Amino acid sequence: MSLDVAGLRRSFPIFSRIPPPFHYLDNAATGQICAAAAEALTGFEMAGRANVKRGVYRLADRATQAFAEARGRIARYLGANRPEEVILTTGTTFGLNLAAHVLEERLGPGDTILISRLEHHSNIVPWQMLARRRGARLRALGVTADGRLDLADLDNGIDRSTRIVALTHCSNVTGAVTDLAPVAERARAVGALLVVDGAQRVPHGPLEVSGLGCDIYALSGHKMFGATGAGALWVRWELLETLPPFLGGGEMIRRVRIEDTRYAPPPHRFEAGTPPIGPAIAMGAAAEWLSGLDWQAIAAHEKSLTSRLLTGLETLPGVRICGPRDLQARFGVVAFEVEGVHAHDVCQMLDAFGVCTRGGHHCAQPLMEVFGTVATVRASLAPYNDAADVDALLEGLEQVIRTLR
Ligand code: PMP
């Protein structure tokens, strides 16, 4: 059965509020909020608001339950073994920084952290900072000419000094999906931990995180059609139990004396202070809603749109795609350059056609270097996009090229 895209669009409030032409192709930056998440958020804020884990009155108890339920829903979407493996955060960036702090004691001088040139800055800078703090080395796996992680580099990249491997599951620039299995195998063989940046993978359907072979997995709610301000960090339970706290404060303790503190068990040990309650509840609602979709139909739909986009771009003069041109092991994130025209100018002109794209380095400057550029235009697809969105982009580009080149 083909996907009912019109029906899907009705599940996103923005499409009935912004008049046409409106072609939202910046989903890798943030997805639109689905009605289920928007209703959960406003429901909490307008009729259910209380702080969690504190009050004994019924309203507070309901808020605490809704928060716990959100954790359960996210855990189910991720395929976690238990909800307690899920730390609720403010997003991928926070989660990766949290990971880089709680793993600090496991790293010493001479040890290596392995990342790649495909990473978003949030999966580079925290590890760079950690390496500096501990006198460790940071190495980066290379990228193939078409913007995929170069797994041939793996044998050189991982050795006995490797303690942490941190890689993206899907590139926010090229859409390439990382084959984690061989990486997990090599990491395990040398006793290294595998941390995965799942920010761009999670909008594309439920997963089996426990079976990926990784130890830590970071994600953002706003990229999977929830509200901004919430995210999650999954950590394999056997590892999580052994990790020290990150931030100190309320809610992460069992008992505090002036002399010392006993910490709460995970995940609360890692959730100091008032969490982003409404956004977390919205993220849970989005996860639940996503779990009920027909992902086979969505995958086929996204594949056909990606193909339409790639084929269209290839026929335009002066356009260079920075990433894979094939449809294997990739999602619909496509970066490209228009020869002689700055990416920001392209995006600004496309906006006149109602086409929302992103121009810049996409927080991936080391990858831009690989492509020999400083900025690209990026179009990124979501299940609610249709052929009209892709065609509007291609027609707009044709005009840009005619006007500016
Ligand atoms: N990693 C990747 C691959 C991303 O695309 C992004 C967001 N662009 C992030 C990490 C950071 O996510 P957030 O800004 O939600 O923390």
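The values are calculated or read from the model by the stated rules, or taken from the named source; none is laboratory data. The structure displayed is predicted, hence computed values, not measured ones. Cβ sites come from the backbone with ideal geometry, for glycine too, and all protein chains shown count toward neighbours.
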So, in region 142-200, how many residues would count as being over 19 Å from the mean Cα position of the chain (by Cα) and within 13 Å of the ligand (Cβ to nearest atom)? 0
Might you let me know whether region 373-384 holds any residue that is crowded, with 19+ Cβ neighbours inside 10 Å and away from the ligand (no atom under 16 Å from the Cβ)? yes
Pick from region 321-359 the residues that are surrounded by fewer than 17 Cβ atoms within 10 Å (Cβ to Cβ) and within 25 Å of Arg201 (Cα to Cα): which of them is nearest to the ligand (Cβ to nearest atom)? Ala329
Pro366: out of contact with any Pro (no Cβ under 7 Å at 6 or more places or on another chain) and surrounded by 19 or more Cβ atoms within 10 Å (Cβ to Cβ), yes or no? no
Which of the residues belonging to region 188-211 are in contact (Cβ under 8 Å) with a residue 60 or more places away in the chain and at positive phi? Gly205
By residue number, the members of region 48-60 that are within 16 Å of Ala280 (Cα to Cα) and either more than 31 Å from the chain's Cα centre (by Cα) or assigned to a helix (DSSP H, G or I) (or both) are Ala60
(1) loosely packed, with under 13 Cβ neighbours inside 10 Å; (2) in the same structural domain as Met368 (by TED's automatic domain parsing); (3) in a helix (DSSP H, G or I) all hold for Glu238 apart from (2)
Which of the residues belonging to region 96-132 are away from the ligand (no atom under 11 Å from the Cβ) and of a type in the set (Ser, Thr, Tyr)? Thr112, Ser116
In the set Leu212, Leu247, the lone residue that is in contact with a Leu (Cβ under 9 Å, 6 or more places away or on another chain) and over 14 Å from Leu78 (Cα atoms) is Leu247
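Every residue, every condition in (1) surrounded by fewer than 18 Cβ atoms within 10 Å (Cβ to Cβ); (2) modelled with pLDDT of 95 or more; (3) assigned to a helix (DSSP H, G or I), yes or no:
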| position | (1), (2), (3) |
| --- | --- |
| Pro265 | yes, yes, no |
| Gly273 | yes, yes, no |
| Ile281 | no, yes, yes |
| Ala286 | no, yes, yes |
| Ala299 | yes, yes, yes |
| Glu302 | no, yes, yes |
| Leu305 | no, yes, yes |
| Thr311 | yes, yes, yes |
Gly72 vs. criteria assigned to a helix (DSSP H, G or I) and either without any contact (Cβ under 8 Å) to a residue 12 or more places away in the chain or within 16 Å of the ligand (Cβ to nearest atom) (or both): no
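Residue-wise test of (1) within 14 Å of Ala382 (Cα to Cα); (2) in contact with a Ser or Thr (Cβ under 6 Å, 6 or more places away or on another chain).
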site	(1), (2)
Leu8	yes, no
Arg17	no, no
Pro20	no, no
Tyr24	yes, no
Ala35	no, yes
Phe44	no, no
Ala47	no, no
Val52	no, yes
Ala60	no, no
Could you give every pair whose Cβ atoms fall below 7 Å, whose first residue belongs to region 29-44 and is under 27 Å from Thr357 (Cα atoms), and whose second residue is of a type in the set (Lys, Arg) and outside any helix (DSSP H, G or I), counting only separations of at least 6 or pairs across chains? Ala29/Arg358
Set Pro324, Pro245: member being assigned to a loop (DSSP other than H, G, I, E, B) and under 27 Å from Leu193 (Cα atoms): Pro245
Just give me the residues in region 244-299 being of a type in the set (D, E, K, R) and touching a residue at least 60 places away in the same chain (Cβ under 8 Å), in sequence order. Glu251, Glu271, Glu288, Asp294
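Out of Ala364, Ala388, report the one residue that is assigned by TED's automatic domain parsing to the domain that holds Asp26 and within 20 Å of the chain's Cα centre (by Cα).
Just one listed residue meets the conditions, Ala364.
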Within region 374-405, which residues are over 11 Å from Val173 (Cβ atoms), outside any helix (DSSP H, G or I) and of a type in the set (S, T, N, Q)? Asn385
Note on Pro20: of the conditions (1) farther than 20 Å from Ala282 by Cβ; (2) within 16 Å of the ligand (Cβ to nearest atom); (3) outside the structural domain of His120 (by TED's automatic domain parsing), unmet is (2)
Condition (residue is farther than 16 Å from Leu98 by Cα, over 13 Å from the mean Cα position of the chain (by Cα) and either more than 11 Å from the ligand (Cβ to nearest atom) or surrounded by fewer than 19 Cβ atoms within 10 Å (Cβ to Cβ) (or both)) applied to region 219-227: is it met by at least one residue? yes
For Thr93, state whether it is within 23 Å of Pro206 (Cα to Cα), part of a helix (DSSP H, G or I) and within 16 Å of the ligand (Cβ to nearest atom). yes
Just checking, does region 125-144 include any residue being under 17 Å from Cys322 (Cα atoms) and of a type in the set (Ser, Thr, Tyr)? yes
Output for region 23-47, where each listed residue is over 24 Å from the mean Cα position of the chain (by Cα) and either among the aromatic types (Phe, Trp, Tyr) or part of a loop (DSSP other than H, G, I, E, B) (or both): Phe44
